[in-house]
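Below is one structure, written out as structure tokens, with a few remarks after it.
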Amino acid sequence: MKKQEIFDNYDNYILHTYIKTKVIFVKGKGSYLWDIEGKKYLDFFPGWGVGSLGHCHPKVMSAIKDQVSKLIFIPNSYYHIAQAKLAKEIIYYSFKGKVFFCNSGAEANEAAIKLARKFGEGKRYEIISFENSFHGRTLGALALTGQERYQRGFEPLPEGFRIVKFNDIEAVSRLINEKTVAVILELVQGEGGVNLAKKEFVLELRKLCDKNNLLLIVDEVQTGVGRTAKMFCYQHYDIIPDVMTLAKALAGGLPIGCMVVRDKFSDLLKEGEHASTFGGGPVVCRGALAVLRTIQKEKLLAHAQKMGEYLLLKLNILKNKYPQIIKEIRGIGLMWGIELYREGIQIVERCFKEGLLINCTHQKVLRIMPALNVTYKEIDKAINILERVIKDLR
Ligand SMILES: Cc1ncc(COP(=O)(O)O)c(C=O)c1O
């Protein structure tokens, strides 16, 4: 297929719901991607947070290949080996409880909404979420999302969702009433601009939820599976959530979603009350098992911590050199935001031309989330490109 024909097919046959960059990728390996013309790109935003192990990690590939040759799919009305192993492993790395498998982050959050509603027994149903949060595009997840621009045009949204200022415990406290059943948050708001929840706030929130018998749900769709240099971000905060949602990086590039529910709430959803045809199929579960085992075997959490510190050091040097352009660097592990005094799109586009893929969110925040197995050399290369681009800005 010729390049133009591919673009034409997208134009003619696919809904135009994405802002797209005109590039066709054909191959990926580790932190690198190659386009159809053979140009090589350093990917510092692999798969929007999906590519924690980079592209096509050999362990993930061989697990998937092996599974595909044995059994591609089996529905949830039967048993298979990979789901049994994966569920046990997720619980081993998180907290005592049970999991529900689905296919995406939004779906995992929808499951959490339904679980909360069961918990509320028809009397309590309001869920509190935060300004600048992002929880997905389905109607329930959209109602949780604290950004009007995503909701506009899709009203009326489902009822029972209240949005409040992030990191403001008094504001949460004021909103709690006899209908409130849960609070959901991202511990680092990714799409919202890489905003970190303060530790004190999270500790207070945990107490507030306990006091008012509310579920504390953490959305770790973006922060989970090593992104913040702990297996799950809540582990930085000395709390245990009641519910955790996962997706993105969990299966090394295959579509997966997962809701992890603490033991005492794990009987709320009964047989027939929630389901997903594809959720937790053999191939995705084998991919996810390979991801979790690789993170452990290759000691990628410690590596991510070390690489994150190095990246921060380099970014701070850039900030000091270009204080008129860079306002703030913030993040944790390998999830970093560079807040600018100006719009970031031009920088993203120039980096792309120079062979570096990064992202910009909230107009002014460059978002960098390299693979957990990124190297010093790759960080140096990315920083060099970024500096060249920033230096040339007019
Ligand atoms: C924190 C968070 N929650 C939920 C979602 C939605 O995930 P998905 O696109 O897999 O539905 C995203 C996607 O970016 C996310 O970052």
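Once you order the gyration tensor axes a ≥ b ≥ c over the Cα atoms, which shape class does the range 71-297 get: rounded for a/c under 1.5, otherwise prolate or oblate by comparing a/b with b/c?
Prolate, because a/c is 1.5 or more and a/b exceeds b/c.
Students often check this: by mean Cβ neighbours within 10 Å, which of 339-349, 13-23, 258-268 ranks highest, and how do the rest follow?
Output ranking for 339-349, 13-23, 258-268: 258-268, 339-349, 13-23.
Net charge near MET335, counting Lys/Arg +1 and Asp/Glu -1 over other residues with Cβ under 10 Å of its Cβ?
Computed value for this residue: +3.
Quick check on packing: order 1-11, 280-290, 155-165 by the mean number of other C-beta atoms within 10 Å, highest mean leading.
In decreasing order of mean packing, 1-11, 280-290, 155-165 become 280-290, 155-165, 1-11.
Take peptides 139-147, 271-279 and line them up by average Cβ neighbours within 10 Å, highest first, as a rough protection proxy.
Packing proxy ranking, top to bottom: 139-147, 271-279.
When Lys and Arg each count +1 and Asp and Glu each count -1, what net charge do the other residues less than 15 Å away from ILE176, Cβ to Cβ, add up to?
With Lys, Arg at +1 and Asp, Glu at -1, the net is +3.
Most mobile of LYS211, LYS27, LYS59 per a Gaussian network model of the chain (Cα springs, under 10 Å)?
In this elastic network of the chain, the residue with the biggest mean-square fluctuation among LYS211, LYS27, LYS59 is LYS211.
Here are some pairs, LYS2/LYS27; LYS314/LYS391; LYS230/LYS353; LYS114/LYS179; LYS85/LYS207; which of them have Cα atoms lying more than 24 Å apart in this structure?
Result: LYS230/LYS353; LYS85/LYS207 exceed 24 Å.
Just name one of HIS274, GLY252, VAL194: the one whose Cα is farthest towards the positive end of the charge dipole of the range 71-297 (beta-carbon charges, Lys/Arg +1, Asp/Glu -1).
Going by the Cα projections, it comes out as GLY252.
Along the Cα-to-Cβ line of LYS179, 7 Å from the Cα, sits a label point; which residues in the range 142-161 have backbone N less than 13 Å from it?
The answer is 158-161.
For the range 124-213, rounded, prolate or oblate, judged on the Cα gyration tensor with a ≥ b ≥ c (square roots of eigenvalues), a/c < 1.5 rounded, else prolate if a/b > b/c?
Oblate shape, in that a/c is at least 1.5 and b/c is the bigger or equal ratio.
Given +1 on the Cβ of Lys and Arg, -1 on the Cβ of Asp and Glu, and no further charges, what dipole in debye does the chain carry about its Cα centre, rounded to the nearest 20?
980
For the chain, what is Rg from Cα atoms divided by 2.2 N^0.38 Å, rounded to two decimals?
0.98
All of the numbers you see were taken from the coordinates with simple rules; none came from a lab. Here the structure is a predicted model, which is why all the values come from computation and not from measurement. Note: ideal-geometry Cβ built from the backbone for every residue, glycine included; neighbour counts use all protein chains shown.
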